[in-house]
1. LYS335: which aspartates and glutamates have alpha carbons under 17 Å from its alpha carbon, excluding same-chain residues fewer than 8 sequence positions away?
2. Principal axis extents for the stretch 263-318, Cα atoms only, whole Å, descending order, please.
3. Got a number for carbon plus sulfur as a percent of the stretch 113-188's accessible area, 1.4 Å probe?
4. Given the pairs LYS247/LYS363; LYS152/LYS319; LYS190/LYS247; LYS190/LYS224, which span a C-alpha to C-alpha distance of over 23 angstrom in this model?
5. In bins 10 Å wide, starting from 0, what share of all Cα pairs of the chain does each bin hold, as a percent?
6. Express in whole angstrom the spacing between the alpha-carbon centres of the stretch 320-338 and the stretch 165-187.
7. Quote the FRET efficiency, to the nearest 0.05, computed for GLN15 versus VAL309 with a Förster distance R0 of 35 Å and r equal to the Cβ-Cβ distance.
8. Where a Cα-Cα gap under 15 Å defines reach, which aspartates and glutamates qualify for LYS171, not counting those fewer than 8 residues away within the same chain?
Amino acid sequence: MQFIDLAAQQQRIRQRIDARIAAVLDHGNYIMGPEVAELESALAAFCGAGHCISCANGTDALQLALMALEVGPGDAVFVPSFTFAASAEVVPFVGATPVFVDIELDTYNMSAESLQNAIEAARNMGLRPAAVMPVDLFGRPADYEKITEITKAEGMVLICDSAQGWGAQYKGRVTGALGDITTTSFFPAKPLGCYGDGGAIFTDDPEIAAVIDSYRVHGKGTEKYDNVRVGMNSRLDTLQAAILLEKLAIYADELDQRERIARRYTAALSDQFIVPEMPQDIRSTWAQYTIRVGSEAQRTRAQGALKDVGIPTAIYYPKPLHQQTAYRDFPRDPKGLENSEIAASSVFSVPMSPYLTEADQDKVIAALMSLRINDLET
Ligand SMILES: *Cc1c(COP(=O)(O)O)cnc(C)c1O
């Protein structure tokens, strides 16, 4: 059993991908070829954003967002501690200061209460609260209603890191069109992945879109050798855009499959594990199906037992960012980041992909339930 089965998806669309790749080889426009613009329009339409600008990867997407919003030295950017390092690493790159915020244990997403504490702490340190960067962790949209309210009240900008959750649903809207800027990643294992690195940025603001388009091509002005700002080289390859066009065509169907599998897992596992419960008006992309147990020792036992019967599991993420060597000296919510620490020591993710068979789902469920996890020592 695979943790994420990319081969089954490829089998489904291999012929169409081959044809798309052949078309690129025929026209030869490997950089910013016609498939790039075609993909950007299709992505913007899918989530209802005004503009989509593709780029080289999800990390660059975050950095380009900060650059376009002119976040820099003296600015505080609020980031959850329980996330992938890329969410925070772009902040010092633009000269700003990441300030770590705790999560809610029932969603693994940024806590609005902790955000308030962190804003106050940043201000007391002489930093200007500039941007909030919630993460749609494991595919579940962050608590945007509360976070947007705080962001607006403080005159900040909202950058949604939807590397895992692009295309999820939040109270009748789709992630990608919820903040001032939304970013995503097409890393192969993400819900919408390509066959290499790729990323995209979404905004409704045409001026921000134009600035990002300039930054991703060396700060270009009206033509290629006219440089009006210090930019980057961060374009999406035409070949990756071509592949993504075929993957996007089946993405909505794949999200339905993921939802079906997640519901099955939840119904079967909720007696013995802390499972992700979704309210009616929120739908995850299920980038990961992540469950929680009572202790690190229980987790080790559970992962070992699954491994023994050939079921792969993974821990996202074993160490919160505020405890990492590279990030431990940055400011944080002074009340502490206890939920991030609890999550890091007690969550694990089980196999999830749209092509996980019912037989394999049953195998995962049977292996987990036979543990009688609550009878194990914590
Ligand atoms: C994957 C990921 C990124 C970075 O994307 P890359 O394309 O790998 O650079 C950023 N944030 C989160 C939450 C991610 O999961």
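1. Reachable aspartates and glutamates: ASP102, GLU104, GLU113, GLU120.
2. 37, 22, 22
3. C and S fraction of accessible area: 46 percent.
4. In this structure, LYS247/LYS363; LYS152/LYS319; LYS190/LYS224 lie more than 23 Å apart at Cα.
5. In whole percents, the pair-distance histogram is 5, 24, 32, 25, 12, 2, 0.
6. Distance between centres, Cα-based: 26 Å.
7. Taking R0 as 35 Å, the efficiency between GLN15 and VAL309 is 0.50.
8. Result set, ordered by chain and number: ASP136, ASP143, GLU145, ASP281.
The values are calculated or read from the model by the stated rules, or taken from the named source; none is laboratory data. All of these numbers come straight from a predicted model, not from anything done at the bench. With ideal geometry, Cβ positions are generated from the backbone for all residues, glycine too; neighbour counts draw on all protein chains shown. Just so you know, the surface numbers come from the protein's heavy atoms only, side chains and all, with ligands and any DNA or RNA stripped out. Shrake-Rupley method; radii C 1.70, N 1.55, O 1.52, S 1.80 Å.
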